[in-house]
1. Just one of (1) touching a Leu at 6+ places or on another chain (Cβ under 7 Å); (2) at pLDDT 90 or above trips up I80, so point out which.
2. From the set of residues in region 217-228 that are surrounded by 15 or more Cβ atoms within 10 Å (Cβ to Cβ) and either touching a Leu at 6+ places or on another chain (Cβ under 8 Å) or β-branched (V, I, T) (or both), which is farthest from I106 (Cα to Cα)?
3. Which of the residues spanning region 30-59 are of a type in the set (A, V, I, L, M, F, W, C) and loosely packed, with under 12 Cβ neighbours inside 10 Å?
4. Determine which member of the set S178, S154, S194 is of a type in the set (S, T, N, Q) and at pLDDT below 85.
5. Would you point out which residue out of G155, G147 is closer than 12 Å to R69 by Cβ and not aliphatic (A, V, I, L, M)?
6. Would it be correct to say that V207 is buried (at least 18 other Cβ atoms within 10 Å of the Cβ), assigned to a helix (DSSP H, G or I), of a type in the set (A, V, I, L, M, F, W, C) and at pLDDT below 90?
7. Looking only at residues that are within 22 Å of the chain's Cα centre (by Cα) and surrounded by fewer than 19 Cβ atoms within 10 Å (Cβ to Cβ) in region 88-110, which one is farthest from V6 (Cα to Cα)?
Amino acid sequence: MLMYRVFAKPQKASIYLRQIIVEIDNIGISSLTIVAIISVFMGGVITIQSAFSITSPLVPLYVVGYTTRESIILEFSPTIVCLILAGKVGSNIASEIGAMRITEQIDALEIMGINSAGYLIFPKIAAAILIFPFLIALSMFLGIAGGYVMGVSSGACTGYEYVYGIQAFFEPWKLYYSFTKVLVFAFIITSVSSYYGYHTEGGALEVGRSSTNAVVYSSILILLFGLILTNIFLSH
């Protein structure tokens with residue numbers, strides 16, 4: 001019912017467009033640092049662990065690069081980074097809208113005849129769907145680059161073997177799978193967080209509770225839809 005109101009025809013599209021640009025900055029640009037740091041270090045960890053796990057001389061060392069690429073593209077960047085963004089972005093959205101609810105700003109919008117659900121929530125959903133794929137693409141690049149730097153500097157593999165591994169047996173459809181997951185997760189994070197913020201009742205304590213619920217239920221739904229999409233795409 002809330003989403004029906006959110007996706008109702010806007011009264012003035014130019015205001016929505018301006019809000020979307022503001023939300024892209026709030027949701028996406030402000031998350032660049034945390035995404036970059038986590039991706040670089042996780043890429044390095046996956047590379048070193050993969051190299052450490054290869055004990056048989058029959059397994060070629062380029063498998064390290066291949067394993068790192070598959071882990072980052074298929075699961076780490078689309079799912080783990082989105083779980084982290086659910087904590088950062090989701091709690092921020094829920095507490096922002098929740099604070100507006102308890103200070104009666106949402107009631108004031110309704111009295112002025114503004115569709116408060118559409119005005120507050122639609123720009124956040126649209127901004128997340130637009131900016132999340134760029135964040136995840138950056139995460140994939142930095143994860144693979146971090147794996148290269150840490151793998152070569154630690155002596156886990158050579159640069160040539162790693163680069164050969166990340167190019168070997170590449171299938172482009174796996175990127176479609178990853179970015180489909182990202183778009184679904186972007187919608188889940190923003191819509192679930194907005195729902196809990198919008199339906200906050202009481203005082204400041206309830207805002208904190210709404211923020212916690214938003215993160216918990218967003219994370220559960222991300223894992224659930226991750227499983228569903230993996231079954232759809234990868235079970236032949």
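The values are calculated or read from the model by the stated rules, or taken from the named source; none is laboratory data. Being a predicted model, the structure only gives us computed values, none of them experimental. Reconstructed Cβ throughout: ideal geometry from the backbone, glycine too, with neighbour counts over all protein chains shown.
1. Result: I80 passes all but (1).
2. The initial filter retains those residues of region 217-228 that are surrounded by 15 or more Cβ atoms within 10 Å (Cβ to Cβ), namely 217-219, 221-222, 225-226.
Retained after the next criterion (residues that are either touching a Leu at 6+ places or on another chain (Cβ under 8 Å) or β-branched (V, I, T) (or both)): 219, 222.
Working: S219: 27, I222: 28 Å.
Taking the candidates together, the pick is I222.
3. Filtering region 30-59 for residues of a type in the set (A, V, I, L, M, F, W, C) gives 32, 34-38, 40-42, 45-46, 48, 51-52, 54, 58-59.
Scanning region 30-59 gives F52, L58, V59.
4. One residue alone meets the criteria, S154.
5. Working: G155 fails: closer than 12 Å to R69 by Cβ.
Residue meeting the stated conditions: G147.
6. It is true that V207 is buried (at least 18 other Cβ atoms within 10 Å of the Cβ), assigned to a helix (DSSP H, G or I), of a type in the set (A, V, I, L, M, F, W, C) and at pLDDT below 90.
7. Result: K88.
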